[in-house]
Amino acid sequence: MTTRPTIGVLALQGDVREHVRALEAAGARPVPVRRRSELDAVDALVLPGGESTTIDKLLRIVELDEPLRAAVRGGLPVYGSCAGMILLADRIEGGIEGQRTLGGMDVTVRRNAFGRQVDSFEADLDVAGISDAPGGEPVRTVFIRAPWIEQVGPQVEVLARIPARATDGSPVAVGAGKIVAARHGRLLATSFHPEITGDARVHALFVNLVREQV
Ligand code: GLN
C-alpha cells in the first residue's frame, strides 16, 4: 500500500496549481500530466476545473483522449472538479456541437446549469464522507459557471446536493436539491471547486479512495 500516492493533475488548461496544493495538503504527491508517459506513471488523476470544451479539444490535440478513456476503463481513480466532472460524465446536456467527454460515470451532467443569473456563488454543503465524519463541519464550496448532475445510474453514490440557502442566508435561486458531488466506483466528481477554498477534505477523500486501490 502506498501511503503517499502519486496523483497526476491534467495540466492542459484550468486551475492546475490549486489542485497541486490541495493534493499536497491531503498527503499525496502531485505531478502535472501533459503527455502519455506522465499519465502512465500515476496512481490516479485529477481533472481540474476550467473549460470542458477547451480541455476536450486539447486532449485530442495532444492525443491523450484515447489513452485517458482506456485508463478510466482500466480502473484508474479519477477526480473531476467542475469542467472535470463534465469530462467524466457518460452523458452531457448543454454541450457545444461535437463536444465529447471521456465518460466513465453513469451520470447525465448539465453544463452551465445554474444559468446566467447565477454565474458563481458559495454555499456550505453537507458532503457524505466528510461533514458526517465525527466533528465534521459542512464544506464551504464555490461554484463557478458550474454543471450539476441531472440523473444518476444505479451504481452511482450521491455525495452532496445543493442546499436551499446560500452561505449568506439568501435562498438559492436555481438548483436547490440538485446533485453536485457523486462517486461511481473509482471515479469522483464535484460541481464545485474545493481546490480554491484552502479546505483539503475533498482531496483527502479522493486520496483515501486511491489508497484503497493501491
Ligand atoms: N462552464 C465550464 C465548462 O463547461 C466549467 C466551469 C468550471 O470548470 N469552473 O467547462
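The values are calculated or read from the model by the stated rules, or taken from the named source; none is laboratory data. None of the values given here were measured: they were computed from a predicted structure. Quick reminder, even Gly has a Cβ in these numbers, built from the backbone with ideal geometry, and neighbours come from all protein chains shown.
Identify the residue in region 11-41 that is out of contact with any His (no Cβ under 9 Å at 6 or more places or on another chain) and crowded, with 23+ Cβ neighbours inside 10 Å and, among all such residues, is modelled with the lowest pLDDT. The selected residue is 14. Residue 69 meets all of the listed conditions (1) within 23 Å of residue 211 (Cα to Cα); (2) in contact with a helix residue (DSSP H, G or I) (Cβ under 9 Å, 6 or more places away or on another chain) but one, namely (2). Summed over region 73-108, residues that are of a type in the set (A, V, I, L, M) and either surrounded by fewer than 20 Cβ atoms within 10 Å (Cβ to Cβ) or modelled with pLDDT under 95 (or both) total 1.
Is it true that some residue in region 20-40 is among the polar types (S, T, N, Q), part of a helix (DSSP H, G or I) and in contact (Cβ under 8 Å) with a residue 12 or more places away in the chain?
Of region 20-40, the ones among the polar types (S, T, N, Q) are 37.
Those still in the list that are part of a helix (DSSP H, G or I) too: 37.
Next cut, in contact (Cβ under 8 Å) with a residue 12 or more places away in the chain only: none.
Checked against the condition, which is being among the polar types (S, T, N, Q), part of a helix (DSSP H, G or I) and in contact (Cβ under 8 Å) with a residue 12 or more places away in the chain, region 20-40 yields no hits at all.
For residue 205, the stated conditions do not hold, so it cannot be described as in a strand (DSSP E or B), crowded, with 19+ Cβ neighbours inside 10 Å and under 13 Å from the mean Cα position of the chain (by Cα). Among the residues making up region 4-35, those that are closer than 20 Å to residue 61 by Cα and more than 16 Å from the ligand (Cβ to nearest atom) are 8, 32, 33, 34, 35. Residues that are under 19 Å from residue 87 (Cβ atoms) and in contact (Cβ under 8 Å) with a residue 40 or more places away in the chain occur at least once in region 156-176. Taking strands (runs of 3 or more DSSP E) as the structural unit, those lying wholly within region 50-162 and holding at least 3 residues that are within 16 Å of the ligand (Cβ to nearest atom) correspond to 78-81, 89-93, 105-110, 120-125, 139-144, 148-152.
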